[in-house]
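Only one structure is covered here, and it is reproduced in the block below.
The values are calculated or read from the model by the stated rules, or taken from the named source; none is laboratory data. Because the structure is a prediction, the values reported are computed rather than measured. In this analysis, Cβ positions are derived from the backbone assuming ideal geometry, glycine residues included, and neighbour counts consider all displayed protein chains. Each accessible area value is taken on the protein alone, full model and side chains, heavy atoms only, with ligands, DNA and RNA left out. Shrake-Rupley method; radii C 1.70, N 1.55, O 1.52, S 1.80 Å.
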Amino acid sequence: MDPLSLQNPLFATYVIAATLMILKAVSMSWLTVIRMMRVKGGFRSPEDLRKTPLNPHPDPKQLAPDERVERIRRIHLNDLENLPFFLVAGFLFVLTEPSLLLARVLLYGYVVSRFLHFAAYLTAQTHDMRATLWTAGSVILIFMTCWTLLAAIGY
Amino acid sequence: MDPLSLQNPLFATYVIAATLMILKAVSMSWLTVIRMMRVKGGFRSPEDLRKTPLNPHPDPKQLAPDERVERIRRIHLNDLENLPFFLVAGFLFVLTEPSLLLARVLLYGYVVSRFLHFAAYLTAQTHDMRATLWTAGSVILIFMTCWTLLAAIGY
Amino acid sequence: MDPLSLQNPLFATYVIAATLMILKAVSMSWLTVIRMMRVKGGFRSPEDLRKTPLNPHPDPKQLAPDERVERIRRIHLNDLENLPFFLVAGFLFVLTEPSLLLARVLLYGYVVSRFLHFAAYLTAQTHDMRATLWTAGSVILIFMTCWTLLAAIGY
């Protein structure tokens, strides 16, 4: 079966996981926008203090970090550190033709771990909880990557 | 037609858009280098204050943030938040075999939106202008991703 | 030969380089974790000061930046600025069917440049040394991307 056909259940599994993760990452940008508009601050560039329709009453305090915005930025940075590598690793992993069950467990397991990590970070759960959820995803990512590397060097 | 052949106009459209965006992102690194050399500062690591051929007169002020350098770093970070996801989303999108016209409008439209966003950010246009240009690209990215997700789950 | 088969030496070369770079990036996350645990600090979120099994003696100083942790974060950021683009550029590059020798020189050369860059940054070599190693990788990335762009527009 064509490895890159959406009719191929293995590739469809990857595409579903990948698009969900892309939407997750893009949502962090929008959530940052929403929070910046709500707190009317957390801006970063000097020109953001100009009077505009979206910012009718500029104030120098708007350039100070705001924890409600910074929290989303930290979550976003965590996504940048993880998701681009998952997107490529998952793609190469399904090209090694693992069993469909294994692919589903790993790819959807990763997606679930990232959504739970987001929920834990957003609601300021303990560092231990956040670290545990991040670890689950990271271990899946490392497993898929090592599996693919071993397949490529001929094991 | 082979979905990954450069003779395939759909895939060639993606490759042109993708490579332009990669060159755009890499240019931000070089622009940071150029500005750091011009302002002789904006460095980040303690060892950057050592006397070397490229830095013959070290000064502790070189480690202070410099707005001319920081502006490029913010533009770069915005690229990191967007381009890796576009690169994967665009690839999966063309695998769903959309019409060539739609692919060109979305992929090249994204490229144009990012170059305009860069121009607006570099020249310190208003936050509203920058946000509008970013939004155009983000909406294209979300559209392509949702389209691909729906195709993968069988709609 | 199937361009995405691991039996295809060109694609296998890409997969080996790509998985090594993914493992490299993921290792930066783990190295950050290891250093945060060792210095018992370098945390970023207010909730990280809660008393937990992994942090039995919280102290407000734990939220201050710690250079041993920050160094890894800077290396990690440098990876985020480079590796996702390499992963896509390398993939598209091998689809243009370059010679196996050229692909090996460029892809493995990139991998080596990044491992040396890491070693130089970790051990705080001069900015000049770090810049030279980064430049080697960046030039390879730009070359592969321009090569692919030219192939896609028909040269």
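Based on the Cα atoms of region C:1-74, what semi-axes does the equivalent ellipsoid have, where each is the square root of 5 times one gyration tensor eigenvalue, given in whole Å with the largest first?
Over the Cα atoms of region C:1-74, the semi-axes work out to 41, 12, 8 Å.
Where the convex hull is taken over the Cα atoms of chain C, what is its projected area averaged over directions, in nm²?
11.7 nm²
For region C:1-64, with all protein chains present and a 1.4 Å probe, just round the carbon and sulfur fraction of the accessible area to a whole percent.
64 percent
Taking a label point 7 Å from Cα toward Cβ, how far is A:L23 from its twins in the other copies, in nm, shortest first?
3.4, 3.4
Can you count the Lys pairs in the protein assembly as shown with C-alpha separation below 20 Å, eight or more apart or on different chains?
Counting lysine pairs in the protein assembly as shown gives 9.
Based on the Kirkwood radius over alpha-carbon pairs, what value in µm²/s does the Stokes-Einstein equation return for the translational diffusion coefficient of region C:43-105 at 4 °C and 1.567 mPa s?
84 µm²/s
At C:P3, with labels set 7 Å past Cα in the Cβ direction, how many nm apart are the copies from this one, shortest first?
Distances between equivalent label points, in nm: 1.2, 1.2.
Output the residues of region B:93-115 meeting this criterion: accessible area (heavy atoms, 1.4 Å probe) in the chain alone minus accessible area with all protein chains in place is 20 Å² or greater.
B:L95
Could you report the protein assembly as shown's accessible area per residue, 1.4 Å probe, as an integer in Å²?
On a per-residue basis, the protein assembly as shown sits at 43 Å².
Which Cα, out of A:F118, A:L133, A:L102, lies furthest along the positive dipole direction of region A:49-155 (beta carbon charges, K/R +1, D/E -1)?
Towards the positive end, the residue furthest out is A:F118.
When each copy gets a label point 7 Å from Cα toward the beta-carbon at B:V105, what are the spacings between them in nm, shortest first?
Spelled out, the distances from B:V105's label point are 4.5, 4.5 nm.
Averaged across the residues of A:6-19, what count of C-beta atoms belonging to other chains lies within 10 Å of each residue's C-beta?
Taking the mean over all residues of the peptide, I get 4.
Tell me, how many Å apart are the Cα centres for region C:73-89 and for region C:94-155?
Region C:73-89 and region C:94-155 have Cα centres spaced 12 Å from each other.
Note the angle between two axes, namely the Cα long axis of helix C:127-152 and the longest principal axis of the Cα atoms of chain C, as a number of degrees from 0 to 90, rounded to the nearest 10.
40 degrees
With angles folded into 0 to 90 degrees, how steeply does helix A:67-95 sit against the dominant principal axis of chain A? Use alpha carbons for both and round to 10.
For A:67-95 against chain A, the angle is about 20 degrees.
Could you sort the residues of region A:35-57 by number and keep only those whose accessible area is reduced by 20 Å² or more in the all-protein-chain setting relative to the chain alone, 1.4 Å probe?
When all protein chains are present, A:R44, A:S45, A:P46, A:E47, A:D48, A:R50, A:T52, A:L54 each give up 20 Å² or more of accessible surface.
At a probe radius of 1.4 Å, figure out the C/A buried accessible area, summed over both chains, and give it in Å² to the nearest 100.
That pair of chains buries around 2900 Å² in total.
Which residue is it, in chain B, whose C-beta lies closest to the B-to-A rotation axis, and what is that distance in whole Å?
Result for the B and A rotation: B:P84, 2.
Nearest 500 deg cm²/dmol is fine: what mean residue ellipticity at 222 nm does the protein assembly as shown get from its DSSP H runs of n ≥ 4 alone, each adding -39,500 (n - 2.57), divided by its residue count?
Calculated from helices alone, the mean residue ellipticity at 222 nm is -25000 deg cm²/dmol.
For the protein assembly as shown, just list the percent of Cα-Cα distances falling in each 10 Å bin from zero outward, please.
Reading upward from the zero bin: 4, 19, 31, 29, 14, 3, 0.
Quick one: give the max-minus-min coordinate of the C-alpha atoms of region A:64-155 along each principal axis, largest first, in Å.
53, 23, 18
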